[in-house]
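Peer 1: I have a structure I would like to understand better, so I am pasting it below and will then ask my questions one at a time.
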């Protein structure tokens, strides 16, 4: 699965350099020249990571990432800035809950490692959420089945540990039909929570360092 990164910077030279580097790392790359443009992209696409400059005309990177945090909480947020202002970093952490703060020009080796770690964390959280949803669906299914067929989820055993299977007079054809419907409903609900997948070709290129802003 090709992960998607959105680069937000009002300097085309910066977005071009980052796009070149990220595509060489096999990421799908979107670029935006402003926070407002970036928000439109986020609403229309599933984005894994946002790399945003701090100093941009109009909305600042910190304010933008705060909105991303609120509206797209699963998207990883990384701030890029040429400033060395400690207060800027603190505000970005508090407002946008950023994953990492990079100075400009940033170190591409560190950025490469950071992106991989951040995406691994995102996938772990997503998988945990998926398993929790599946567990809740299965538990709800068992409760409904137990209500309709009392005792069916209870396992009786003999003194030697063998499972006791009793004859039932219930309409099992109807039961299995209902069970199939419940499973289909659960699978349909799960598909709504699944992510995206896309394939891209890996490119290799020399990537110059970012200019300071």
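Peer 1: Could you line up 48, 16 from fewest to most neighbouring Cβ atoms inside 10 Å?
Peer 2: 16, 48
Peer 1: Please give the FRET efficiency for residue 90 paired with residue 126, using the beta carbon to beta carbon distance and R0 = 25 Å, rounded to the nearest 0.05.
Peer 2: It comes to 0.30.
Peer 1: If you rank 19, 136 by fewest surrounding Cβ atoms within 10 Å, what's the result?
Peer 2: Least crowded to most crowded, the residues run 136, 19.
Peer 1: Next question. Taking neighbour counts of Cβ atoms within 10 Å as a proxy for exposure, in what order, fewest first, do 158, 75 appear?
Peer 2: Lowest count first: 158, 75.
Peer 1: Let me ask another. Does the stretch 1-73 come out rounded, prolate or oblate by the C-alpha gyration tensor, with a ≥ b ≥ c the root eigenvalues, rounded set by a/c under 1.5 and, if not, prolate when a/b is larger than b/c and oblate if not?
Peer 2: oblate
Peer 1: When a/c reaches 1.5 or more, the comparison of a/b and b/c decides; with that in mind, is the stretch 4-123 rounded, prolate or oblate per its Cα gyration tensor?
Peer 2: rounded
Bear in mind that the values in this text are calculations on the coordinates, not laboratory data. Small disclaimer: the values here were computed from a predicted structure and weren't measured. Every residue, glycine among them, receives a Cβ derived from its backbone with ideal geometry; neighbour counts consider all protein chains shown.
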